[in-house]
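The values are calculated or read from the model by the stated rules, or taken from the named source; none is laboratory data. Nothing here was measured: the structure is a model prediction, and the numbers come from that model. Surface accessibility is based on the protein's heavy atoms, side chains included, excluding ligands, DNA and RNA. Shrake-Rupley method; radii C 1.70, N 1.55, O 1.52, S 1.80 Å.
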Amino acid sequence: ELQGFLGVIGSLGFGEAWDLVNLPEDRAGGKNRGYAFLNLHTHTLAVELKEAINGHMKDKRTHDGLVNSVLESSSASWANVQGLKANRAHSESLIKERKQKKRSNKWYYFQDSRR
């Protein structure tokens, strides 16, 4: 799922424009919940990606990775937490909270798109 998401971002011309991607997973099966958080290097890039991705058609994939014949329209909106520094702080607080509740971390978190 991560590579597919990053493939779409790259195909839209934003492959090196991000510094954080978060694909939240469900608690039961470790599958993506159907949305992602992406932090871009600048506000201008974020506005451009939002314009490019709204209405972008993507394959709807089942949990076993097979492509349905149905295409879905993508959409983007602004997250409540903005910026790499704020997202790092937010992530660290979630990790701490999950450790206290003895829950595993069910998301992907990358700080550098060049890795």
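Here are the numbers for this structure:
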item	result
Rounded to the nearest 10 Å², the accessible area of R33 at probe 1.4 Å	120
S74 long-range amide H proximity, modeled H, under 5 Å	G55, H56, M57, K58
Mean projected area (nm²) of the alpha-carbon convex hull when the stretch 1-58 is viewed from all directions	4.1
